[in-house]
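First up is the structure itself, then whatever we jot down about it.
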Number of protein chains: 2
Amino acid sequence: MAFEKQEIGDAVSYCGDALEVLEQLAAGAIDALIVDPPYSSGGMYRGDRMQSTGAKYVQTGTQVVRPDFAGDNRDQRAYGYWCALWLSAALKKARPGAPLCMFTDWRQLPVTTDILQAGGWMWRGVVPWDKTGAVRPALGRFASQCEYVVWGSAGPMSQDRAVGCLPGFYTYRVETKKEHITQKPVNLLLDLVKICPPGGVVADVFMGAGTTGVAAIKSGRKFIGVEIEPRYFDIACRRIENTVRQPDMLPPCEGEQATVLEAAANG
Amino acid sequence: MAFEKQEIGDAVSYCGDALEVLEQLAAGAIDALIVDPPYSSGGMYRGDRMQSTGAKYVQTGTQVVRPDFAGDNRDQRAYGYWCALWLSAALKKARPGAPLCMFTDWRQLPVTTDILQAGGWMWRGVVPWDKTGAVRPALGRFASQCEYVVWGSAGPMSQDRAVGCLPGFYTYRVETKKEHITQKPVNLLLDLVKICPPGGVVADVFMGAGTTGVAAIKSGRKFIGVEIEPRYFDIACRRIENTVRQPDMLPPCEGEQATVLEAAANG
DNA sequence: AGACTAGGTGAATCGAATT
DNA sequence: GAATTCGATTCACCTAGTC
């Protein structure tokens, strides 16, 4: 099968189905998988979830029209089976010990930890992300102001490529200008990509607006991206291209060397 | 069956098994259930989890000797069945709509949301608690610096007794002087008891060192507590007694009236 | 300073089953 | 019976922010 493929700097992006693209990658191609799959959340009842994403995630006030996104209307069991499929496919293309980060909300959190393990990955923890501003308070209840990164690894993780310790909690305000309704802050992803050894390949098979790619490239890592919806694919490619063009590269993180992986390969 | 029973101010404490004490309470006796059950966590492998709590939750350096606590060495399935039992028993003694808060760690979080529902409660969300300082960093990993409050209610929650909106995330440093290895900060519990209408009855059937009771009494609520381990029962009673004695009662929270429940009962 | 952290890794060791 | 393998268990050591 052939997909539209865009190579921009150290980023390779495919417009196609996650599962199908994953099956065409080389084994060991992925040093870290960071994904934000459609949560299939957003309603207590099946009928609520089956709406188009535009109707489901309503924005009050100014109406910003965005294309609907695909894969967000499965019920919870179908969602689980589908995730297990692409997670399993991704595992086969991941370097042994490669880390996996997967966004989810509170409602899908337990399913997510299950399907991560069903897909063959080793579950290692949960990292909350405090969205602060984006809270819808409810009288007499706790606000749901956090989303979650469920993380794990492709089997045992050795510490030999590690360059430091990462926090277990992040606070970043949701960006006001978004091109995708579930778009994550670049700064959040800039922190998360540190789980990938410097110079390694970060993969995201549900790119959306491409924030993971932006963060990977900006931090001197390589990137493989997949997005099925052509309009978001174009948006992602444009954002990655803008990142490649303006080399306001971040300074290497504390103790990070851009060539850790190459050194390991050579030595 | 008879249990040791201590009445201290507005707090009634029982030394005994949670399930057995719950079955002796009157229906509707509980306005809010806030519990910190033994997580049965503490290791990647079954053997690790089966150790005594003293050996499992290691303290480096100076050895502070604390009594082991009971019920922390079930495997995950047994943990689930056991929780479903006492949660179901508690539901029968809870006022309709009463909120439930249940502490857990990342490893037991998915089980906890399952068994909360298995016990008949309605799952409503997850509230992370950032322990900040109490982090054991690990090279190349995300630290696990959060624990979680899984919360829900005894059926539909009406908003008529609600006095305000609660945050969906808390940051409190672990207290340095603890009498129980899993003791929670008083300030955290002072925030959480706000889920209970002012003047209502907060119950905690795994008191440990009694922090929930301290927070309930300090905020002008009533309290029912249960603890199976006599040494922790004594510690809890002493801490509650100290709280009752020094009436440095907190000012009513924003919009809180100390007599909301009484007013409802009278009118 | 030094203790503290609802740990995790990996090497060494022990034990039972198999060759 | 001695050697080997595999699994389970034990133990030293690592991490960094805060008190």
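The values are calculated or read from the model by the stated rules, or taken from the named source; none is laboratory data. Since this is a predicted model, take the numbers as computed values, not measurements. Note that we place each Cβ from the backbone using ideal geometry, even for glycine, and neighbour counts take in every protein chain shown.
There is at least one residue in the range B:25-36 that is buried (at least 20 other Cβ atoms within 10 Å of the Cβ) and over 26 Å from B:L109 (Cβ atoms).
Listed by position, the helices (runs of 4 or more DSSP H) inside the range B:3-116 whose residues that are within 16 Å of DNA strand D (Cβ to nearest atom) and of a type in the set (V, I, T) number at least 1 are B:53-56. For B:A118, the conditions (1) in contact (Cβ under 8 Å) with a residue 40 or more places away in the chain; (2) more than 16 Å from DNA strand C (Cβ to nearest atom) are fulfilled apart from (1).
The rows are residues; the columns are (1) closer than 24 Å to A:R141 by Cα; (2) modelled with pLDDT under 95; (3) more than 9 Å from DNA strand C (Cβ to nearest atom); (4) surrounded by fewer than 19 Cβ atoms within 10 Å (Cβ to Cβ).
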position: B:R136; (1), (2), (3), (4): no, yes, no, yes
position: B:L139; (1), (2), (3), (4): no, yes, no, yes
position: B:S153; (1), (2), (3), (4): yes, no, yes, no
position: B:Q159; (1), (2), (3), (4): yes, yes, yes, yes
position: B:G164; (1), (2), (3), (4): yes, yes, yes, yes
position: B:T171; (1), (2), (3), (4): yes, no, yes, yes
position: B:K178; (1), (2), (3), (4): no, yes, no, yes
position: B:K184; (1), (2), (3), (4): yes, no, no, no
position: B:L189; (1), (2), (3), (4): yes, no, yes, no
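Across the range B:4-15, the number of residues qualifying as farther than 24 Å from B:G220 by Cβ and surrounded by 20 or more Cβ atoms within 10 Å (Cβ to Cβ) comes to 1. Look at the range B:175-191: where a residue is within 14 Å of chain A (Cβ to nearest Cβ) and a partner is assigned to a loop (DSSP other than H, G, I, E, B) and more than 15 Å from DNA strand D (Cβ to nearest atom), sitting 6+ places away or on another chain with Cβ atoms under 8 Å, you get B:D191/B:P167.
Of all residues in the range B:215-236, those satisfying the criterion of being buried (at least 23 other Cβ atoms within 10 Å of the Cβ) and of a type in the set (V, I, T) are B:I217, B:I224, B:V226. Restricting the range A:131-172 to residues that are within 16 Å of DNA strand D (Cβ to nearest atom) and either aliphatic (A, V, I, L, M) or part of a strand (DSSP E or B) (or both), the residue that is nearest to the other protein chains (Cβ to nearest Cβ) is A:A162.
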